[in-house]
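Input: a single structure, listed below in C-alpha cells.
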Amino acid sequence: MTTALIPNRFLFDFEFPLRYRPTLPRLTGALDDWTEADLLPKLGAIDNAVDFADVWACWNESGIAIGCRVAGKRRSLQCDPARFWAGDNLRLCTDMRDTRSIRRASRFCQQFYFLPTGGGSTGRDALAGVNKLQRAREDAPAVPSDRIEAASVVDQAGYSLEAFVPATCLSGFDPAEHPRIGFYYILEDGDHGQQFLTVGDELNWYVDPSTWATAVLAR
C-alpha cells in the first residue's frame, strides 16, 4: 500500500459543534462524568488510520474541558515534563478568532499539553502546561501552568486523563462575539503512535493554525 503524498484530511475544512455543558465534568481522572455527546469526531478513517482512543471535549463560560482514554498499552508510561512532546501526552491547540487565512499563530492561538504522569511530589500525578507555538507572528500572553488543571487514573490497561483550561487562560475567549474557534488535538502514545484531529507533524500543525478544525461554541 502506498502512502498519499497529501493526507486526505488536509483537503477538507472541518467544522463541528463543541458541546455546551452548564456544569463541566468533574475532574477526577476517571472520566465518569462524560457522555457520548461530548465525544470529538473520529476522522482517522478518512486517511485509513485507526483512532485508538476516545477523546472528549466540552465548554461553558468558565472554560474548556478535555479528556481521553488510552487502552491496550504494553509499555510503561513515559512522561517527562521537561520534554513533554517526547512521551505520552495529549495536546490541545486553540485559536479564539479562528482566522483561517493565517499560516502563523497570532496572540489568540495557544498550545496546551497534558501528561498522565509526571506531576506532583512523586511524579505520579497528572500534569498540565503551556507551550508556545513555533514561529508565531505574535505570542499569546503568558499563562502560569498552575492555573490549568489535570487529573488522571492509570491502570494496567492504560490510562484516562482529564483537563480543564479556564476561560481566563484562553487568550481572547469571547463566546458571544466569537463563537467559532480554531481547535486541534494530538494524542501521542508509546504503543499506538499518534492520533490527531486533522493533520500530523508533516504538515506543521504546531506552526500553522490554518491546518486546525473549527469548533463552534454551541449553546
**Item:** For region 1-88: relative contact order, % (alpha-carbon pairs under 8 angstrom, 6 or more apart)
**Value:** 24
**Request:** Mind checking which of A82, L27, W56 is farthest towards the positive end of region 17-96's charge dipole, using Cβ charges of +1 (Lys, Arg) and -1 (Asp, Glu) about the Cα centre?
**Result:** A82
**Request:** Collect residues whose amide H, placed 1.01 Å from N in the peptide plane, falls under 5 Å from the amide H of E149; neighbours closer than 5 in sequence don't count.
**Result:** F164
**Item:** Lys, Arg +1 and Asp, Glu -1 on Cβ, resulting dipole of the chain about Cα centre, debye, nearest 20
**Value:** 380
**Area projected by the alpha carbon convex hull of region 106-219, averaged over all directions, nm²** = 8.5
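For the chain, give the percent of accessible area contributed by carbon and sulfur heavy atoms, probe 1.4 Å, rounded to a whole number.
Values: 5200 of 10580 Å².
Roughly 49 percent of what the probe reaches on the chain is carbon or sulfur.
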**Message:** I'd like the Karplus ³J(HN,Hα) series for region 169-186: coefficients 6.51, -1.76, 1.60, θ = phi - 60°, whole numbers in Hz, and an x wherever there's a Gly or Pro.
**Reply:** 9, 9, 5, x, 4, 8, x, 5, 8, 9, x, 9, 10, x, 8, 8, 9, 9
**Prompt:** What translational D, rounded to a whole number of µm²/s, comes out for region 85-137 from Stokes-Einstein when the hydrodynamic radius is the Kirkwood one over Cα pairs, at 10 °C and 1.306 mPa s?
**Reply:** 127
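Whole number in Å², please: accessible area per residue of region 98-181, 1.4 Å probe, ligands, DNA and RNA not counted. Working shown, then result.
Numbers: 4280 Å² over 84 residues.
I get 51 Å² per residue for this part.
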**Request:** Under a 10 Å cutoff between Cα atoms, tell me which one of F183, F12, F52 has the largest fluctuation in the Gaussian network model of the chain.
**Result:** F12
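Normalising by the residue count of the chain, find the relative contact order in percent from Cα pairs under 8 Å and 6+ residues apart. Mind showing how you got there, number by number?
Working: 507 pairs, mean separation 59.1, N = 219.
Computed value for the chain: 27 percent relative contact order.
The values are calculated or read from the model by the stated rules, or taken from the named source; none is laboratory data. Nothing here was measured: the structure is a model prediction, and the numbers come from that model. Every residue, glycine as well, gets a Cβ built from its backbone with ideal geometry; the counts of neighbours run over all protein chains shown. Side chains included, ligands, DNA and RNA excluded: accessible areas come from the protein's heavy atoms. Shrake-Rupley method; radii C 1.70, N 1.55, O 1.52, S 1.80 Å.
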